[in-house]
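Step one of this worksheet: look at the structure below.
The values are calculated or read from the model by the stated rules, or taken from the named source; none is laboratory data. All figures in this text were calculated on a predicted structure; none of them were measured in a lab. Glycine also receives a Cβ, built like all others from the backbone with ideal geometry; neighbour counts cover every protein chain displayed. Heads up: the accessible areas ignore ligands, DNA and RNA and are worked out on the full protein's heavy atoms, side chains in. Shrake-Rupley method; radii C 1.70, N 1.55, O 1.52, S 1.80 Å.
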Amino acid sequence: MQPSTPPFDERLTAPRSWWFIALLVGIACALMLLPLGTLPLLAGLAGGTVLSAVAVSSYGSARIRVVAGALVAGDARIPVSALGEAEVLDAEEARAWRSYKADTRAFMLLRSYIPTAVRVEVTDPGDPTPYVYLSTREPQALAAALKAVVPPQA
């Protein structure tokens, strides 16, 4: 592996069905403007489709990376020195940690369409965040990347 290549990089893209729904929103906008004529109908189709596609793209643009001594999840950048053990969560355990086991102080980058996740302890005593919850399609790879860069705790 080249030194400039991050050990883990994942984009939490939206599922294909969401893109189909974006098209359906455009069709619905077109149908609402149907009584006004052909030009408004086409404008509604184009405008509704583009706006809903931008919303889907924006929601699916979140990235999780382990790079340059930090865990970058969405807008958060957490130094690996502040992280503890990474726990791989299967679908059932991930559901529990994002519902009844969840701590309101935790940082969560979750996507409902991704069933698996990783939970990483935050060991920095100055940080009130108990853990980081990250939805990921590759939980074992993320945990392995974090294990490779997180220094062992004393």
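Values for this structure:
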quantity: Accessible surface, 1.4 Å probe, highest first, among residues 8, 20, 107; calculated: 20, 107, 8
quantity: In degrees, nearest ten, helix 139-149 long axis to first principal axis of the chain (Cα); calculated: 40
quantity: Helix 16-32 axis, angle to the chain major axis (alpha carbon atoms, nearest 10°); calculated: 30
quantity: log10 of Debye I(q)/I(0), alpha-carbon scatterers only, for the chain at 0.10, 0.20 Å⁻¹; calculated: -0.47, -1.16
quantity: The chain: calculated mean residue ellipticity at 222 nm from DSSP helix runs of at least 4, using -39500 (n - 2.57); calculated: -12000 deg cm²/dmol
quantity: Charge dipole of the chain about the Cα centre (unit charges at C-beta), most positive-ward option of 36, 88, 108; calculated: 36
quantity: Net charge of neighbours whose Cβ lies under 10 Å from the Cβ of residue 85, counting Lys and Arg as +1 and Asp and Glu as -1; calculated: 0
quantity: Solvent-accessible ranking of 113, 100, 133, largest area first, probe 1.4 Å; calculated: 100, 113, 133
quantity: Probe 1.4 Å - accessible area at residue 87, Å² to nearest ten; calculated: 70
quantity: Surface accessible to a 1.4 Å probe, residue 112 within the full protein complex, Å²; calculated: 90
quantity: Share antiparallel - DSSP beta bridges, the chain, percent rounded to 5; calculated: 90
quantity: Probe 1.4 Å, accessible area per residue of region 40-86, Å²; calculated: 48
quantity: Simple Cβ-charge dipole of region 1-137, Lys/Arg +1 and Asp/Glu -1, about Cα centre, in debye nearest 20; calculated: 460
quantity: Surface accessible to a 1.4 Å probe, residue 104 within the full protein complex, Å²; calculated: 140
